[in-house]
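One structure is given below, encoded as structure tokens.
The values are calculated or read from the model by the stated rules, or taken from the named source; none is laboratory data. Values in this document were obtained by computation on a predicted structure and should not be read as measured data. Glycine gets a Cβ as well: all are built from the backbone with ideal geometry, and neighbour counts include every protein chain shown. Side chains included, ligands, DNA and RNA excluded: accessible areas come from the protein's heavy atoms. Shrake-Rupley method; radii C 1.70, N 1.55, O 1.52, S 1.80 Å.
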Amino acid sequence: MADLDPRLQALLDKDEITDTIHRVARGTDRLDKELIVSGYHPDGFDDHNNFRGSPVEFADWVLEVLAHFDYTQHLLGQSRIELEGDVAFVETYCNAHHVVHPTTDGPGSDMRMGLRYVDRFERRDGGPWLIATRICAFEWRYTLTLNYSFPYDDDFTIGHRDRSDITYTRKGLLGGPR
């Protein structure tokens, strides 16, 4: 295979890095340990301030801490990716929602956070771009009280925080009934 134009290679590298960032966020919201871990080098390090450790330890922590929320969404914003050979320094903005639905026992909540993922990615021995180190820089946080939850009709597609989610099953996307 001929060498690519360096500009094209940079675009491909940045696209692969972006896909990895998205994959980890999706794994977090779906509580998918394998998906979270897949974005890190095995000897990688994650620093979420109140957690610091390996990718496997991080994924276990995510599943434990986020399980008590009904839903989470990590909405990713712009990323700045600076390539330096087989190392990339990456900053990605994120708005995160951590929702507990109201019940007959009381109101729910939506804990909202603004943060940035500050990452060092590495491409080792021609392999994929993966996170070597991630540090979360928190910007702001507040919690809203939820007194009402919009009821969904029986035929609504509802997201799930496991492999029964539509993104895994693809139910209705391959033809036939939902």
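When you look at Asp46, is it of a type in the set (Asp, Glu), outside any helix (DSSP H, G or I) and at pLDDT 95 or above, yes or no?
Yes, satisfied.
Given the criteria of a type outside the set (Lys, Arg), touching an Asp or Glu at 6+ places or on another chain (Cβ under 9 Å) and open to solvent by less than 50 Å² (accessible area, probe 1.4 Å), does Gly53 qualify?
Details: of a type outside the set (Lys, Arg): yes; touching an Asp or Glu at 6+ places or on another chain (Cβ under 9 Å): yes; open to solvent by less than 50 Å² (accessible area, probe 1.4 Å): yes.
The answer is yes for Gly53.
Report every pair of residues separated by at least 6 positions or lying on different chains whose Cβ atoms are under 9 Å apart, first residue within region 28-43 and over 16 Å from Ile135 (Cα atoms), second small (Gly, Ala, Ser) and in a helix (DSSP H, G or I).
Partner pairs satisfying both residue conditions: Asp32/Ala59; Lys33/Gly27; Lys33/Ala59; Glu34/Gly27; Glu34/Ala59; Leu35/Gly27; Leu35/Ala59; Ser38/Gly27.
How many residues, within region 40-50, are of a type outside the set (D, E, K, R) and surrounded by 11 or more Cβ atoms within 10 Å (Cβ to Cβ)? Give the derivation first.
Initially, region 40-50 is screened for residues of a type outside the set (D, E, K, R), giving 40-42, 44-45, 48-50.
Next, from what is left, pick out any that are surrounded by 11 or more Cβ atoms within 10 Å (Cβ to Cβ): 40-41, 44-45, 48.
Final tally of qualifying residues: 5.
Of Arg178, Arg124, which residue is over 21 Å from the mean Cα position of the chain (by Cα), of a type outside the set (Ser, Thr, Tyr) and modelled with pLDDT of 95 or more? Outline the logic, then answer.
On the way: Arg178 fails: modelled with pLDDT of 95 or more.
Checking each option against the conditions leaves just Arg124.
Might you check whether a residue that is of a type in the set (D, E, K, R) and within 15 Å of Lys14 (Cα to Cα) occurs anywhere in region 121-136?
The answer is yes; a qualifying residue exists.
What residue, of Ile158, Ile166, is at pLDDT 90 or above, under 20 Å from His74 (Cβ atoms) and of a type outside the set (Ser, Thr, Tyr)?
Working: Ile158 fails: at pLDDT 90 or above.
Of the residues listed, the single one that is at pLDDT 90 or above, under 20 Å from His74 (Cβ atoms) and of a type outside the set (Ser, Thr, Tyr) is Ile166.
If I go through region 28-47 residue by residue, how many of them are among the β-branched types (Val, Ile, Thr) and in contact with a strand residue (DSSP E or B) (Cβ under 8 Å, 6 or more places away or on another chain)?
The initial filter retains those residues of region 28-47 that are among the β-branched types (Val, Ile, Thr), namely 28, 36-37.
Those still in the list that are in contact with a strand residue (DSSP E or B) (Cβ under 8 Å, 6 or more places away or on another chain) too: 28.
So the answer is 1.
Within region 11-39, restricting attention to residues that are open to solvent by less than 30 Å² (accessible area, probe 1.4 Å) and among the small types (Gly, Ala, Ser), which residue is farthest from His97 (Cα to Cα)?
Gly39
Looking only at region 130-145, filter to residues that are hydrophobic (A, V, I, L, M, F, W, C) and in contact with an Asp or Glu (Cβ under 6 Å, 6 or more places away or on another chain); which one of those is farthest from His74 (Cα to Cα)? If you could, list the steps in order and put the result at the bottom.
To start, the set of residues in region 130-145 that are hydrophobic (A, V, I, L, M, F, W, C) comprises 130-132, 135-138, 140, 144.
Imposing the further condition that a residue be in contact with an Asp or Glu (Cβ under 6 Å, 6 or more places away or on another chain) reduces the set to 131-132, 135, 144.
Working: Ile131: 18, Ala132: 21, Ile135: 16, Leu144: 17 Å.
By that ranking, first place goes to Ala132.
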